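Following: one structure in structure tokens, then a few remarks.
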């Protein structure tokens, strides 16, 4: 298995632009998680899906952030408009179920908003 | 609120020595614990996990110890190698948290030649 796949690996954009991050979970996993990692805050859970349905989005910073999971093999995290404070590494992880079981992380997308 | 924290932000060990990374948690309802290793520029990688009905679990060169009485978790790495240099995170979950993982702040392990 290729593991969790994320794209792009690096993204540099200007403030105000729309950013779309993509994730393909491990085949057969039915839970998907989006995290943000910064030096100041560490790893923060933004949102997670179970069977393609958003379960908890309380970690999403504000309305500029949105996430979708149209099918079991694809999810997007969108930031519109982007701001410099959104600069971070964004990780996607998946697991067989959300029940505290092992989450497998992707390589992350390094986002820099100028 | 409930949180997971680490005692030591940095740890340096000589190659070949054993490493011990500690983690304290505050949620007494936590019943699942996991250690991740994150190398520079990569995502967290699963190392080992343990459930609250156990106090010790061993993997290849790694051992996790759980002391529920003092809410303490540790990761022991035997014969530390340069490739072990990374940030190590502990995480915990409970049924009360809808099984979401709560991550600690991480410990930077540096292996000295």
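Answer yes or no as to whether residue B:28 is closer than 30 Å to residue A:109 by Cβ and more than 12 Å from the chain's Cα centre (by Cα).
When the stated conditions are applied, residue B:28 does not pass them.
When you scan the stretch B:64-113 for strands (runs of 3 or more DSSP E) that lie fully inside it, which ones turn up with 3 or more residues that are within 14 Å of another protein chain (Cβ to nearest Cβ) and closer than 16 Å to residue B:45 by Cα?
B:86-93
Against the definition (over 29 Å from residue A:31 (Cβ atoms) and within 14 Å of chain A (Cβ to nearest Cβ)), how does residue B:9 come out, yes or no?
The answer is yes for residue B:9.
Kindly provide the set of residues from the stretch B:7-29 that are assigned to a loop (DSSP other than H, G, I, E, B), at pLDDT below 95 and either crowded, with 17+ Cβ neighbours inside 10 Å or in contact with a strand residue (DSSP E or B) (Cβ under 8 Å, 6 or more places away or on another chain) (or both), ordered by number.
B:7, B:8, B:9, B:26, B:27
Out of the residues in the stretch A:89-114 meeting the condition of being assigned to a strand (DSSP E or B) and within 11 Å of the chain's Cα centre (by Cα), tell me which one is nearest to the other protein chains (Cβ to nearest Cβ).
A:105
So, in the stretch A:85-114, exactly how many residues are without any contact (Cβ under 8 Å) to a residue 12 or more places away in the chain, touching a strand residue (DSSP E or B) at 6+ places or on another chain (Cβ under 7 Å) and surrounded by fewer than 20 Cβ atoms within 10 Å (Cβ to Cβ)?
2
Here is a list of conditions, (1) within 27 Å of residue B:49 (Cα to Cα); (2) surrounded by 15 or more Cβ atoms within 10 Å (Cβ to Cβ); (3) in contact with a strand residue (DSSP E or B) (Cβ under 6 Å, 6 or more places away or on another chain), and residue A:38 meets all of them except one; can you say which number that is?
Every listed condition holds for residue A:38 apart from (2).
Based on this model, can you work out whether residue B:4 counts as crowded, with 17+ Cβ neighbours inside 10 Å and modelled with pLDDT under 95?
yes
When you go through (1) in a strand (DSSP E or B); (2) crowded, with 17+ Cβ neighbours inside 10 Å one by one for residue A:82, which number turns out not to apply?
Looking at each condition in turn, residue A:82 falls short on (1).
Taking the stretch B:30-53 as the region of interest, how many residues are exposed (fewer than 13 other Cβ atoms within 10 Å of the Cβ) and in a loop (DSSP other than H, G, I, E, B)?
Residues meeting the conditions: 3.
The values are calculated or read from the model by the stated rules, or taken from the named source; none is laboratory data. Because the structure is predicted, anything quoted here is derived from the model rather than measured. For neighbour counting, all protein chains shown are included, and Cβ atoms are generated from backbone atoms with ideal geometry for every residue, glycine included.
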